[in-house]
Amino acid sequence: MILSAHGLGRDYPTPHGDITVLDGVDLDLAAGETLAIVGPSGSGKSTLLGLLAGLDKPSRGSVTLEGRDLANMGDAEASAFRGRRMGFVFQSHRLLPALTAQENVQAPLDLANAADAAARSRAWLAKVGLEGRHDHRPRQLSGGEQQRVAVARALAHDPAIVFADEPTGSLDRRTGTILADLLFQLAASNRTTLVLVTHDEQLASRCARIVHMGDGRIVP
Ligand SMILES: Nc1ncnc2c1ncn2[C@@H]1O[C@H](COP(=O)(O)OP(=O)(O)OP(=O)(O)O)[C@@H](O)[C@H]1O
Ligand SMILES: [Mg+2]
């Protein structure tokens with residue numbers, strides 16, 4: 001299993017005491033699998049994704065990625081591991097505004113000390129159909145183009161697993177479909193495991209597996 005979660009739970013403190021937003025989540029994912037996490041707003045999808053990706057720490061239970069428990073790593077080690085082995089796509093691109101498209105794609109490659117980072121980041125921009133746009137800054141790109149840069153950035157360092165939270169949520173249906181086509185096609189050709197959070201049943205149905213969340217739990 002590339003990713004395993006056991007008895008995963010997350011509580012948040014509130015002025016009226018702790019609230020439990022995630023409880024008793026078990027999940028196993030094989031390398032190369034595609035998984036969609038669906039469910040109503042507030043059901044805990046983003047919370048679960050954050051725990052699976054080690055961006056947040058669980059109140060209960062454990063997550064192992066490639067056999068390693070992120071909670072047992074120091075912050076520097078965990079972030080280096082994330083940088084090497086994981087990619088992320090968010091609802092809104094989260095590109096760095098001062099950097100060009102190419103520099104945004106190249107940043108994780110540089111962090112991973114990849115050889116030929118400049119050539120690889122250009123090649124990835126070409127794969128997402130933006131070969132002429134490497135010198136553009138995010139504000140000089142459309143929303144769909146910015147999301148394509150985000151997809152190139154998530155995949156360029158050849159991560160084992162990509163986490164995406166509503167990757168098409170800020171796009172119209174047609175642009176969203178093009179973006180999803182790209183994400184699935186590139187993940188498949190790189191044999192990247194994909195974990196996708198979405199409200200969109202049509203997008204979810206493109207994944208090999210779907211888990212439904214309800215009220216902080218996986219529901220049958
Ligand atoms: N930092 C926090 N502090 C307190 N409560 C939080 C915090 N983050 C999330 N929650 C609560 O946890 C619950 C689950 O939130 P989460 O963001 O995981 O839902 P979601 O399924 O991703 O929803 P959406 O589809 O709207 O994005 C919500 O009730 C939310 O209010
Ligand atoms: Mg969410």
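Coordinate-derived values only; no laboratory data. Treat the numbers as computed from the prediction; the structure is a model and nothing was measured. All Cβ positions, glycine included, derive from the backbone under ideal geometry; neighbour counts span all protein chains shown.
State which residue is surrounded by the most Cβ atoms within 10 Å (Cβ to Cβ) when the search covers only the range 151-166 and only residues that are assigned to a loop (DSSP other than H, G, I, E, B) and away from ligand 2 (no atom under 16 Å from the Cβ). Out of the qualifying residues, it is Ala156.
The set of residues from the range 19-44 being within 16 Å of ligand 1 (Cβ to nearest atom) and either under 14 Å from Leu196 (Cα atoms) or among the aliphatic types (A, V, I, L, M) (or both) comprises Ile19, Val21, Leu22, Val25, Leu27, Leu35, Ala36, Ile37, Val38, Gly39, Gly44. Kindly provide the set of residues from the range 146-195 that are within 16 Å of ligand 1 (Cβ to nearest atom) and within 20 Å of Arg85 (Cα to Cα), ordered by number. Residues satisfying the conditions are Phe163, Ala164, Asp165, Pro167, Val195.
Checking each residue in the range 167-190 for being touching a strand residue (DSSP E or B) at 6+ places or on another chain (Cβ under 6 Å) and surrounded by fewer than 22 Cβ atoms within 10 Å (Cβ to Cβ) picks out no residue at all.
With respect to the conditions (1) among the polar types (S, T, N, Q); (2) away from ligand 1 (no atom under 16 Å from the Cβ); (3) within 16 Å of Val195 (Cβ to Cβ), Thr47 falls short on a single one, namely (2).
Screening Pro220 against (1) more than 16 Å from ligand 1 (Cβ to nearest atom); (2) in contact with a Gly (Cβ under 7 Å, 6 or more places away or on another chain); (3) not aliphatic (A, V, I, L, M) leaves a single unmet condition, (2). For the range 206-220, how many residues meet the condition of being in a loop (DSSP other than H, G, I, E, B), in contact (Cβ under 8 Å) with a residue 12 or more places away in the chain and surrounded by fewer than 16 Cβ atoms within 10 Å (Cβ to Cβ)? Within the range 206-220, residues that are in a loop (DSSP other than H, G, I, E, B), in contact (Cβ under 8 Å) with a residue 12 or more places away in the chain and surrounded by fewer than 16 Cβ atoms within 10 Å (Cβ to Cβ) number 2. Counting the residues of the range 52-72 that are out of contact with any helix residue (DSSP H, G or I) (no Cβ under 9 Å at 6 or more places or on another chain) and within 16 Å of ligand 2 (Cβ to nearest atom) gives 1.
A quick yes/no check of all residues on (1) under 17 Å from the mean Cα position of the chain (by Cα); (2) on the phi > 0 side of the Ramachandran plot; (3) not in a loop (DSSP other than H, G, I, E, B):
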position: Arg94; (1), (2), (3): yes, yes, no
position: Ala98; (1), (2), (3): no, no, no
position: Asn104; (1), (2), (3): yes, no, yes
position: Pro108; (1), (2), (3): yes, no, yes
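Restricting the range 137-169 to residues that are among the polar types (S, T, N, Q) and more than 15 Å from the chain's Cα centre (by Cα), the residue that is farthest from Ile2 (Cα to Cα) is Gln140. Given the structure, is Ala115 away from ligand 2 (no atom under 16 Å from the Cβ) and in a loop (DSSP other than H, G, I, E, B)? Yes: the conditions hold for Ala115.
If you go through the range 20-49 and keep only what is within 16 Å of ligand 2 (Cβ to nearest atom) and either in a strand (DSSP E or B) or surrounded by fewer than 12 Cβ atoms within 10 Å (Cβ to Cβ) (or both), you end up with Val21, Leu22, Val25, Leu35, Ala36, Ile37, Val38, Ser41. When Leu203 is tested against (1) in a loop (DSSP other than H, G, I, E, B); (2) within 14 Å of ligand 1 (Cβ to nearest atom); (3) of a type in the set (A, V, I, L, M, F, W, C), just one condition goes unmet, and that condition is (1).
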